[in-house]
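Report on the following structure.
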Amino acid sequence: MEHKIQHLNYFTDDIFHFNHGDHTDSYRFLGSKKIEAEGVVIGYQFSVWAPNAHKVYLQGDFNQWRIDPMDFYEGGIWSLFVTGAKKGQCYKYGIDHGNGHIEYKIDPYAFRFEKAPKDASIIWDLEEFNWSDGSWLRRRKTQNFFEKPLQIYEVHATSWRQHPDGSYYTFKELAESLIPYVKEMGYTHIEFMPLMDHPLEASWGYQITGYYAVGARFGTPEELKYFVNEAHKAGIGVFMDWVPGHFNRNANALAYFDGTPTYEYQDVNQANNIGWGTLNFDLGKTQVHSFLISNAIFWLKEFHIDGLRVDAVSNMIYLDFDQGPWTPNEDGTNENYQGVRFLQKMNTSIKKILPDVIIMAEESTSREKITASVEEGGLGFDFKWNMGWMNDTLKFFEMDPYYRPQNLTLITFVFMYQYKERYILPYSHDEVVHGKKSLLGKIPGNRFEQFATLRLIHGYMLAQPGKKLHFMGNELGQYLEWRFYSELEWIDLTRPYNKEYQHFMKTINHFGLETKALYELDHSPDGLTVLDADNYQEGILTFIRRGIKPRDFIIVVCNFVPVQRDSVRVGVPYKGNYQTLLNSDDLEFGGKRKDATDDFKTDAIEYNGQPFSIEISVPGLSVQYIQPKRVYGVNKQGRG
């Protein structure tokens, strides 16, 4: 009893801050926590927030699954010290509704769970891990990630590769295979779809039950730390998808946890997420703030995760984003003021503790200031996924190519709003499921034209301002949609054009890493000069990407139709000689181009608003990057 009293006195301040919504590591006092005496573990203290429960009971392996009543403390916390409880034992909470019904629940702060369909929480500790990624973390602190390449490889951990019997790769096996593959292919970061515990694999991890646990099907917390450590040592960052807007509504988890709306809204319209079959977090409740902000810090701090992609932000900031009935504000508006304030508070809290991590918003509306600072009235995210660009470009490339020139604005419209936010350009998992087809399957034409178009899509994407995200398999050119229950179609690499296309993806990724013009000024108008975005007859787009130094620039030429254009004049800023650095129609990439002229001398002809110009040939369905070889008149203090 003495140890319990000392422990509870210790977290009196924790309870206060948890209830006031400013606790950033509440996982250190809620859940199952080992108690030591003279360096020996004598048991575990179990603590859970259930403010409106009539009574709360604890049962588990340590008490032969009888129900032992827990003690209630001011602030809505129930706690019980269990002598002899051991790491690895299973347990559940029994929530007494006061009407004779006891509902058995998980521990919201458990670090491990049984593998579904079993659902007991498991006693586990935050073990000390022997990290050896110090050089990566020091480098992370000193870098301006807005001016560095960011080429993300989005991964679903259990379907990237599988064993012949269908079993999943462990984190150790992924460390031995996924990390070197990503490094070789020229990506800078791996972004995992949610790794938190979730019972339904078909949800892909977006219907979470255990927010503080690595999903049992993926492995242990220590194994995930091992993976992150190995990635960092290899120079690869690790992001995670995170879902703070809504949660799994299974009765054994967070849903109506103490018999009343606890983590969800009181208003049924706000609580119910009809489209996803989940429940929305009450983003106006201070205890939910502590739960969620602590959870973000948990993954970023304890696992050295380099950033979070925040899922479904639109659902958090609009009351009517979902299907079905909704309750407007008193003034009749649809903005979720509580959601907006929470996101501002969340980003501020994270950046105060870990200023060098990256927080990304998956936000699909035209709302502005997603990436503006909180002081400027923004939400404070570092990046926003550009969903509008993604939808427009895929619509464009799904067209019969002969209709593309007259619809060129689908590609060029992004220039109108390019610098309103700091964007990530995503071709994510959502675009290759549910009958949408794979990227290859979306494209009309024969197989040669399909792969030529795939190369064009990704070559254009690399040159477009903004950071980049590719879903796994996009680099293989697989024909089938992504299926969460089976591995990628690696066999496709034995078929015509796939291997050459993968080589192209590797080549342009490394080109993107090495070419400052393609990343230094992603978020500044100084980084882009549009030459011709109005060629509605031939369907050719030309623009210049620039780096910080005047000489660092790349001329980009895209031909969106399967017709070669000869004698195409392109404006250039300086007199001299230019050369083609990369052409997607080259033979090595699966194209037809060979023995072509790659060097051009300028003519004293003004064109595209530039003082000089060159004349080039542009293969059909191609992108090419042209760079100055030797030019004159570059002003080192300015743009020339």
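The values are calculated or read from the model by the stated rules, or taken from the named source; none is laboratory data. Keep in mind that what you see is a predicted model, and the values were worked out from it rather than measured. Here the Cβ is made from the backbone with ideal geometry for all residues, glycine too, and neighbour counts use every protein chain on show. For the accessible areas, the whole protein counts, side chains as well, though only heavy atoms, and no ligand, DNA or RNA atoms are used. Shrake-Rupley method; radii C 1.70, N 1.55, O 1.52, S 1.80 Å.
Brief remarks follow.
- Against the conditions (1) touching a residue at least 24 places away in the same chain (Cβ under 8 Å); (2) crowded, with 18+ Cβ neighbours inside 10 Å, Y169 satisfies every one except (1).
- When each of L195, L254 is tested for being within 20 Å of L292 (Cα to Cα), surrounded by 19 or more Cβ atoms within 10 Å (Cβ to Cβ), at pLDDT 95 or above and in contact with a Pro (Cβ under 8 Å, 6 or more places away or on another chain), the lone residue that passes is L254.
- Out of E376, E302, one residue alone is over 19 Å from T24 (Cβ atoms) and not polar (S, T, N, Q). It is E376.
- When residues in region 10-34 are screened for being β-branched (V, I, T) and touching a strand residue (DSSP E or B) at 6+ places or on another chain (Cβ under 7 Å), 1 of them pass.
- Matching residues, region 440-458, being open to solvent by less than 10 Å² (accessible area, probe 1.4 Å), more than 19 Å from L513 (Cα to Cα) and not β-branched (V, I, T): L440, F451, A452, L454
- Selected residue [among the small types (G, A, S), under 29 Å from S290 (Cβ atoms), within 20 Å of the chain's Cα centre (by Cα) and crowded, with 17+ Cβ neighbours inside 10 Å] from A157, A175, A110: A157
- Yes/no for K105 being among the basic types (K, R) and open to solvent by 40 Å² or more (accessible area, probe 1.4 Å): no
- Selection status of I77, open to solvent by less than 50 Å² (accessible area, probe 1.4 Å) and touching an Asp or Glu at 6+ places or on another chain (Cβ under 7 Å): no
- Residue, nearest to P619 (Cα to Cα), within region 459-515, restricted to residues that are open to solvent by 60 Å² or more (accessible area, probe 1.4 Å) and not in a loop (DSSP other than H, G, I, E, B): E500
- Hey, V228 closer than 26 Å to Y181 by Cα and among the aliphatic types (A, V, I, L, M) or not: yes
- Among the residues making up region 219-245, a single one is under 19 Å from A120 (Cβ atoms) and touching a Ser or Thr at 6+ places or on another chain (Cβ under 7 Å): G219.
- Extreme residue, farthest from F257 (Cα to Cα), among residues of region 42-62 that are of a type in the set (S, T, N, Q) and surrounded by 16 or more Cβ atoms within 10 Å (Cβ to Cβ): Q45
- Number of positions in region 214-231 that are β-branched (V, I, T) and in contact with a helix residue (DSSP H, G or I) (Cβ under 6 Å, 6 or more places away or on another chain): 1
- Residue check: K384 meets all listed conditions (1) in contact with a strand residue (DSSP E or B) (Cβ under 7 Å, 6 or more places away or on another chain); (2) of a type in the set (D, E, K, R); (3) surrounded by fewer than 20 Cβ atoms within 10 Å (Cβ to Cβ) but one, namely (3).
- Strands (runs of 3 or more DSSP E) completely within region 128-224 that count 2 or more residues being aromatic (F, W, Y): 210-214
- Residues that are within 22 Å of Y519 (Cβ to Cβ) number at least 3 in the following strands (runs of 3 or more DSSP E) confined to region 553-634: 553-559, 575-583, 622-632.
- Residue-level analysis places G512 among those that are touching a Pro at 6+ places or on another chain (Cβ under 6 Å), under 25 Å from I555 (Cβ atoms) and in contact (Cβ under 8 Å) with a residue 40 or more places away in the chain.
- Extreme residue, farthest from L292 (Cα to Cα), among residues of region 25-41 that are open to solvent by less than 50 Å² (accessible area, probe 1.4 Å) and in a strand (DSSP E or B): A37
- Test: residue in region 407-422 that is open to solvent by less than 50 Å² (accessible area, probe 1.4 Å), farther than 25 Å from I508 by Cα and over 24 Å from the mean Cα position of the chain (by Cα): yes
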